[in-house]
Every structure is written in C-alpha cells, then in structure tokens.
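Engineer: My questions all concern the structure below.
Nothing in this text is a laboratory measurement; each read-out follows from the coordinates by a stated rule. What you see is a predicted model, and the numbers here were worked out from it, not measured in a lab. Here Cβ is always computed from backbone atoms with ideal geometry, including for glycine, and neighbour counts include all displayed protein chains.
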Amino acid sequence: MGNNIRTVLLLGLLTGLVLVAGELIGGRQGMITAFFFAAVMNLGAYYFSDRLALSAYRARPVTEAELPQVYRIVRRLTERNHLPMPRLYLIPSASPNAFATGRDPQHAVVAVTEGILRLLDEDELEGVLAHELAHVKNRDILTQSIAATIAGALMMLARFAFFFGGLGGDDDRDNPLGAAGALLFIILAPIAALLIQMAISRSREFEADATGARLAGSPYGLARALEKLERGTARLPMREADPATAHMMIVNPLRRGLVATLFSTHPPTEERIRRLIGMLPEGGME
C-alpha cells in the first residue's frame, strides 16, 4: 500500500511540474497542446507495448511442448490466484532475465530468456514468474504510460521554449520567477521529470516483488532468484537491451557503471532482497 501511495504522490508531483511549466512557457494553450501530443504518442505505446517490446528482443511464442516447466508454473500461479493465463514467449539471449507486458490481465505476455531457464531452479523461477504476473495484476503498464505521458508533455514544453522562444506565457512581467528563474526551471524540469519517472519505476518494482511473493506463497524463491540474476546479468549483460525498454526487465539488463547505477530504473537488488526476507517476521505471509 505504501508503494501505491508513493506512486500517486509522484504522479501528482509530475502533474504539478507540467502545470507550472505550462504557465511559464506557453500558457494554458501550450500546456494543453503538449498534453495532447504526449497523450497520443503514449496511447499508441500503451496499446502496442507488447508488440514493440517482443519485437525489440526478438522474442518468439512458445508452446507447452517446448517449455513445459514454464507453462506448469504459470498455470499453477494463475489458477491459484484467479488470473488469466498469459501468452508465453522465449527471448534468444544467454543473459538471464524476464519481463511482462500487456495493457491488462486479459492481454498479458510473459517473456523469459534462455539464460534464466538455465540459471534458476523451479522455486526461483516460480518467484520470477510470480513477480512478472504481479506487474500485470497491478496494471503497471498503465501506470508507466500515464507517467510517460505527463513527463512527455513537460519535455515538449521545454523544447518549445528552447526552439521557439516561448517563455512566460502571455506576459513575462507576470512571471513570478523572472526570466532567469524561468529559464532555469525549463532546464531543470525535464531532469526532474526523468528522476520522478525513475522513482515511480522503482516503487512499482518493490510493489511487484511484494505482490509476486504473495502470489507464489513465499518470498524466498524470488529473493534467491534476484541474487543469482544480479550476478548473472553483471557478468553477461543483454546486448539487445535498450535504455527505453530496460525498465521492463526484472533486473537491470544493461552494463553496470556509476552513471547507469545512479539513473537506473531498478532499485538496488540488495534492498529488494532485504524487503522480501522481511516479509516473514513472525506470522507468515499476510
């Protein structure tokens, strides 16, 4: 629940940034225009996110005869938790990872790499698949699309100000920040939007971990899997991974580095494991 409240507050903060930017840069009309274009682009991404992501990672659909273990685990999880059976895909990559996409549980897709199937045992794989089903159950694709729409509108307003000289709405004298303050806001606001988006993504990962542990009935399989995946992806990053879609993976698929770590959409794996283990203090799962 705490992560859900945090997500709402972060989305509210993003919206506030857009409102301020709209008044400073293009007035109400500029803000509405930016929102319209951002919404159109992200609406397309929302409806076609599964096709785009699957194509980017060259994933292919697999039958139960090809991946009986994965089908058995996913069917067990969906039947136990009254969820629709998602479509299952295989990514031809030795790097261990997985992701889920789909705008709602009825259009869900879960994709796993060849590497993750070789690395994890059944309990660990169940924890990972439960985590991915949790993203679908929590409708995180919708949350991310809303955040992207708001942040996109803010970035469009900033570009408008830089390229067309829009600053201060109808009258610069009514601008409480002054021209210098408004210019500084225009520069910093898109950076703030990116950081807020990252915070939303991290919050949703924590929530998917907790929900996934409940779907699986235990946090230990996912905790062990995260430890293995962190080491595995650090040793063998995914060459096909792109920063635009890396946030979808259960762990960061990109090469490690100071900048990549600071701007990662994934929370630290050690913190994720700590929270998972902390779910069983004395009376079992809630």
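Engineer: Would you mind checking which residues have amide H under 5 Å from L120's amide H? H placed 1.01 Å from N; only 5 or more apart, or other chain.
Structural biologist: So L120 has HN proximity to no qualifying residue.
Engineer: What net charge is computed for the residues neighbouring L142, neighbours being all others with C-beta under 14 Å from the C-beta of L142, Lys and Arg scored +1, Asp and Glu -1?
Structural biologist: 0
Engineer: What ranking do Y57, Y89, Y47 get, fewest neighbouring Cβ atoms within 10 angstrom at the top?
Structural biologist: So the ranking, lowest neighbour count to highest, is Y47, Y89, Y57.
Engineer: If you plug each phi of segment 50-58 into the Karplus form 6.51 cos²θ - 1.76 cosθ + 1.60 with θ = phi - 60°, what whole-Hz ³J(HN,Hα) values come out, in order, with x for Gly and Pro?
Structural biologist: With coefficients 6.51, -1.76 and 1.60, one gets 5, 5, 5, 5, 5, 5, 4, 9, 6 Hz.
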